[in-house]
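Contents: one structure, followed by commentary.
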Amino acid sequence: MIPKEKDYRYERKFLFSNPSIKSLEDLFHLMPINIYNLYSPRRVNSIYFDTLNYKLAKSNIDGDFKRFKVRIRFYGEISKFLNPTLEIKYKLGLMGKKYKLPLNLDHIIRNNFSLDFLINDYCLPIEVRKILIDLNI
């Protein structure tokens, strides 16, 4: 489902051009915030979906106020492709939210990595089905 404004989290990106900052560790020492590792080191693999004219990529690059990404994400070795998840990441200005749906690997492979089989899935919120239809994927 499309998240309500109260369901979003704030996400900020910063551009640093200070030549004295050579690493993230240098930056952390300069900033008065508590930064910690949320996850142990792992490999993150993503397969992004877009229209033929790259509508989603352009929206992201242009910094559109309201935009989203559609991807399949899985962790670990590429050759194992375990526990794939469909993620639709919504951005509303500086706030972001993800919709996640575990996928069946056999369905993905059988459908040649097309997400068409999800469009008719009655378990998907109508907003998610509309996004997939609009992308024609």
Under the Karplus relation 6.51 cos²θ - 1.76 cosθ + 1.60, θ = phi - 60°, what is the ordered set of whole-Hz ³J(HN,Hα) values for the stretch 38-51, x standing for Gly and Pro? 8, 10, 6, x, 7, 8, 10, 10, 9, 10, 8, 10, 7, 7
Taking amide H positions as placed in the peptide plane 1.01 Å from N, state which residues far from M95 in sequence (5 or more) or on other chains have amide H under 5 Å from it. E11
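Pairs K22/K89; K98/K130; K55/K100: which are spaced more than 23 Å apart, C-alpha to C-alpha? Write out the running numbers ahead of the final one.
On the way: K22/K89 30 Å; K98/K130 16 Å; K55/K100 21 Å.
The answer is K22/K89.
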What is the spin-label model distance, in nm, from K22 to F113 if the labels are put 7 Å beyond Cα along the C-beta direction? 3.9
List, in order, the whole-Hz ³J(HN,Hα) value for each residue of the stretch 71-84 obtained from phi through the Karplus relation with A = 6.51, B = -1.76, C = 1.60 and θ = phi - 60°; use x for Gly and Pro. 8, 9, 10, 8, 10, x, 5, 4, 5, 8, 6, 8, 6, x
Computed ³J(HN,Hα) along the stretch 53-62: with the Karplus parameters 6.51/-1.76/1.60, θ = phi - 60°, integer Hz and x for glycine or proline, the list is 9, 6, 4, 6, 5, 5, 4, 5, 4, 6
Treating every alpha carbon of the stretch 31-137 as one equal point scatterer without solvent, the Debye formula yields log10 I(q)/I(0) values at q = 0.14 Å⁻¹ of -0.65
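With all protein chains present and a 1.4 Å probe, how do R71, R43 order by accessible area, largest first? Before the final figure, lay out the partial values.
On the way: R71 10, R43 115 Å².
In descending accessible area the options line up as R43, R71.
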Going by average Cβ neighbours within 10 Å, how do the peptides 102-113, 125-136 rank, with the highest at the top? 125-136, 102-113
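The values are calculated or read from the model by the stated rules, or taken from the named source; none is laboratory data. Model, not experiment: these values are computed from the prediction. Quick reminder, even Gly has a Cβ in these numbers, built from the backbone with ideal geometry, and neighbours come from all protein chains shown. Quick note on the areas: whole protein, heavy atoms, side chains included, nothing else; ligands and nucleic acids left out. Shrake-Rupley method; radii C 1.70, N 1.55, O 1.52, S 1.80 Å.
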